[in-house]
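Here is the structure we will look at, set down as structure tokens.
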């Protein structure tokens, strides 16, 4: 497995653990009230699980599994950029909402996440081929 894929998957697992921990605290607080401010973890819980876990897992697996025509995966820099932007965006958007940061912090997080998707697509796009073309490369 490639190094970027490993980092995507490891970070996805960290976000899964944090998201489940926050969700568990929220559920516990719902049954046995601990502190009313604990509900402020809800945006981070959603952000970590929806984007930090799910999207990052998909990106890591996609980078690893997409076909490698001509035995190359292409330039790895856009993939690393996607990794940094996605993780930065998840933390900015999730913790920005949790800590009641100004709206521009959350917007910056969303822009980082969109930039991560664009950088990843930039790397993956040339690797997606029509079936007829892909079959001709195998022969």
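Table for the structure above
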item	result
Kirkwood Rh (inverse of mean 1/r, distinct Cα pairs), the range 1-79, angstrom	14.2 Å
Folded to 0 to 90 degrees: helix 3-31 orientation relative to the chain principal axis, Cα	20 degrees
Gain in span if fully extended, residue 84 to residue 40, counting 0.36 nm per residue against the direct Cα distance	13.3 nm
Correct option for Cα Rg over 2.2 N^0.38 Å [calculated from the coordinates] among (1) 1.27; (2) 1.75; (3) 1.64	(1)
Peptides ranked, highest mean first, by Cβ atoms within 10 Å: ranges 43-49, 31-37	43-49, 31-37
Rounded to 10°, Cα long-axis angle of helix 77-98 versus longest principal axis of the chain	10 degrees
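Values quoted throughout were computed directly from the atomic coordinates according to the rules given, and no laboratory measurement underlies them. Predicted model, so just to flag it, every value in this text is computed and none were measured. Because the Cβ atoms are built from the backbone with ideal geometry, glycine has one as well, and the counts that use them run over all protein chains shown.
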